[in-house]
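Have a look at the structure below before the remarks.
Every number here is computed from the coordinates shown, using simple stated rules; none is lab data. Bear in mind that the values here come from a model prediction, so they are computed numbers and not experimental data. Here Cβ is always computed from backbone atoms with ideal geometry, including for glycine, and neighbour counts include all displayed protein chains.
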């Protein structure tokens, strides 16, 4: 509901009367109460400098009554002039801080009483029309101390038709202009010929009856330019004077949709902060401004990325609709990781209060807007606690559930995919040994590598290992839960089957989530040897210690009998990486392991007569 008061004398008389101000505030609050409306809009025009402080006091007192309403926060907006320099009665910084927003009436730069016909709402300054325009107005309000998030750029859905001395642009008027709403201005422009002024970036038309007329107006093209200014300047939004002036035409509405409509993404996925504190920025890079920070463990809803920067929702009343957070590359820097099995809250009303506790009586921290989505931390009755970045000292807030939709497991609706750049595992193991398959993965899908991702074989896999597999065909994937576009390492634990003779054992795998296969084939093929095969190849110093306990200290000596053939000796670490390779001739002593750290290793000795493989442990 808009409450108006126009004219210097009327405005001054009202603001100088404390009783009148108090009475007005009581009446405004009563109307809000009686009709259950969301708040009030003030349109006080021609406030003079002499009553500047009284106007600020009136706004402060009204805001206090509305913001502390028994039924929760009620909004206060107000209409403010196009050129604040001309109206010192408006303390722009104070009014912005003590309201939910200023509706800038960025029109009537040329008005019905102008002596020259010209653009009603010029987009940019020019040498022809001068400096005053929508772009300068935005800059002036910021210069006067108003936060961009408190500004709404009000734009005209109308034009003004003046009688003029000639057809030329910039012609003098010969009388008072008349307003022409967009519906008729568009039709007239089609009849007389739409002209475009590159100075103001607005359309106009002219025609002759008994004299020349010029009509300057705004259409979907000029308004789209100003909509872009709105977004580029990070304003709270744009508005118009007035609704229905376009009637059945959808030209302007389509421009609004292109500029402002936020289509809720269907590819939401949840991310979790993985370091002590992570910056939240207004763009995808370290050169962008820091909005706030998020502590370790915080969870957010992302839906897009640029490189390793992830676009997440940000509380709309505390900054932009979206923000950006760095996830790191997934290997060197792991700033954020994937998380799963979360429920998310999607706002379905125009604006939803976020309270300090589970009830409307708790103080309001901020507001979140329609279409925004946040991760639910817990639920208490009809109230859900959501994760937030630091907003006024809070990292959580409570929202009223009936004003939102709850979506469980959003990543289940996404497309999963990946590439695999390397697969590492031993070339040979003994039967029943456990070994590790390590994969370097790049996530090319739109869901995190979470605990529901498995490496699935073609059937009952010969590498099945109880406890580390979901079932006989699905190996659990461990490691870093990488986000879309991150590269990271994952690994699976396999067990070699029981064999009667040295055998090549293989299986082909693909990634699987929720019974859907994706990604490339991963082939695991290696030699499995039975215990004790080809032990006649060599003799080992301290044979009992080596063969029975497979434990050594400092170094291991292998003495090759003169009777055996030359032998290749290879040592692998537990990831299957080859770390030692040597050739031993008959009669020589091979000394192995002095340079190794303590840990588990695999030693393979191979010649034409057979293979011997041992898993060994260096204790110091």
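Points worth noting:
- Efficiency of FRET between residue 523 and residue 619 - r from beta-carbon atoms, R0 30 angstrom, step 0.05: 0.25
- Coordinate range along principal axes, alpha carbons of the range 418-522, Å, largest first: 45, 24, 21
- Angle between the chain longest axis and helix 134-143 axis [Cα atoms, degrees, rounded to 10]: 80 degrees
- Label-to-label distance, nm, for residues given as residue 409 and residue 356 (7 Å Cα→Cβ offset): 3.8 nm
- Taking the longest Cα principal axis of the chain as reference, the axis of helix 182-192 is set at about 80 degrees.
- At q = 0.10, 0.16, 0.22 Å⁻¹, base-10 log of I(q)/I(0) for the range 1-141 (Debye sum, equal scatterers on each alpha carbon): -0.38, -0.86, -1.33
- Per-pair calculated FRET efficiency, R0 = 45 Å: residue 277 and residue 93 via Cβ, rounded to 0.05: 0.90
- The length gained by stretching the chain between residue 307 and residue 289 to full extension, at 0.36 nm per residue less their Cα-Cα distance, is 4.7 nm.
- Peptide packing for 132-142, 235-245, 18-28 was compared via the average number of neighbouring C-beta atoms within 10 Å per residue; ordered from the highest value, the list is 132-142, 235-245, 18-28.
- Dividing the summed helix terms, -39500 (n - 2.57) for each DSSP H run of n ≥ 4, by the number of residues in the chain produces a 222 nm estimate of -4500 deg cm²/dmol to the nearest 500.
- Label-to-label distance, nm, for residues given as residue 436 and residue 190 (7 Å Cα→Cβ offset): 7.2 nm
- Rounded FRET efficiency, nearest 0.05, which uses the C-beta distance separating residue 29 from residue 574 and R0 of 51 Å: 0.10
- Theoretical gain in end-to-end length, residue 22 to residue 458 [0.36 nm per residue, Cα-Cα removed]: 149.1 nm
- Cα pair count fraction exceeding 20 Å, expressed as % - the range 227-304: 55 percent
- Here the label points at residue 1 and residue 493, each 7 Å from Cα along the C-beta direction, are separated by 6.9 nm in the simple model.
- Relative contact order %, the range 418-522, counting alpha carbon pairs below 8 Å whose residues are six or more apart: 33 percent
- Inverting the pair-averaged 1/r between distinct Cα atoms of the chain gives 30.2 Å as its Kirkwood hydrodynamic radius.
- Between residue 207 and residue 554, residue separation times 0.36 nm minus the direct Cα-Cα distance comes to 114.8 nm.
- Relative contact order (%) - criterion: Cα under 8 Å, at least six apart; region: the chain: 7 percent
- Each peptide in 579-585, 482-488, 4-10 receives the mean, over its residues, of other Cβ atoms within 10 Å, and ordering these scores from highest gives 482-488, 579-585, 4-10.
- Sorted on the mean count of surrounding Cβ atoms within 10 Å across their residues, most packed first, peptides 474-480, 123-129 read 474-480, 123-129.
- C-alpha center-to-center spacing [the range 155-209, the range 1-39] in angstrom: 37 Å
- Within the chain, DSSP assigns beta bridges of which about 85% are antiparallel (rounded to the nearest 5).
- Between 0 and 90°, nearest 10: helix 52-67 axis offset from the chain longest Cα axis: 50 degrees
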